[in-house]
1. Those residues that are touching a residue at least 60 places away in the same chain (Cβ under 8 Å) and assigned to a helix (DSSP H, G or I), I need them from the stretch 209-220; list them, please.
2. Note down all Cβ pairs under 7 Å where the first residue falls in the stretch 132-154 and is at positive phi, the second is at pLDDT 80 or above, and they're at least six residues apart or on different chains.
3. Kindly indicate which of 171, 163, 183, 194 is at pLDDT 90 or above, in contact with a helix residue (DSSP H, G or I) (Cβ under 8 Å, 6 or more places away or on another chain) and either surrounded by fewer than 18 Cβ atoms within 10 Å (Cβ to Cβ) or under 16 Å from residue 83 (Cβ atoms) (or both).
4. Looking only at helices (runs of 4 or more DSSP H) that lie completely in the stretch 131-195, which have at least 3 residues being within 19 Å of the chain's Cα centre (by Cα)?
5. Can you give me the number of residues within the stretch 228-256 that are in contact with a helix residue (DSSP H, G or I) (Cβ under 6 Å, 6 or more places away or on another chain), free of Cβ contacts under 8 Å to residues at least 60 places away in the same chain and part of a loop (DSSP other than H, G, I, E, B)?
């Protein structure tokens, strides 16, 4: 009887060891759990690494744009609609002819196009991604904290290219012609894109700070109209009421429109008097370009810092 009992106990298989991460009786549970839940090592942030990670995430935004081309329509329909409406409804009243008026109006429409491309979509897309939990997954990756925001803004740069090319094509069909050289025209486009890019960080800040996507769109539209229509885009400043002239003088978008108009339409004439006038006009254009670049840098620093701060607070 006892022999059978002894044999059965000896034939039993040995008890396997406890699995990794499970504390056995009498062991230190805190050290075991710390081994299981230890966070991934932090990455060392370098400027090159931040740029690389931002460009990788920008490809994601480009993929979204390629799969949803209809999202480009908001930055295209409004400028084209205003260009056609103002030229054919008010061109004969504001200027001597529609051809002359489209020359005057288009530089302002070009500035408006890049501002719309920056303000309408970037912040809205970020707000939607945050609500869907996409940015929560980004936070679990060993990447720079601001890389998702920078990548989203860089990925939306394709919107500027599409919008500018489309509006230029429509204006050309309506009779607009560049009166300067190619370098000046490219400079005007880059200046407009720089302003739109810097103002897009206002949209990013709003998209991160608020939770309702409708608020993002509403604030964007409320900001667009005083910035673009509170200028001499549609009519010369001398024809505006006094209070609107005062706002036009301090409106940063007015400098961008004056600079763009000068870069696209400046056409010096011959002669000493004309040469003096051309030199004065060139100095005025240079001052407008400088003011636009300074405003763009200020917007980028201010709104970029606010967007990063709001993103860290929301994280």
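The values are calculated or read from the model by the stated rules, or taken from the named source; none is laboratory data. Quick caveat, the model's predicted, so the values are computed rather than measured. Note that we place each Cβ from the backbone using ideal geometry, even for glycine, and neighbour counts take in every protein chain shown.
1. 209, 213, 216, 217, 220
2. none
3. Result of the check over 171, 163, 183, 194: 171.
4. Those helices (runs of 4 or more DSSP H) span 147-155, 157-173.
5. Qualifying residue count for the region: 1.
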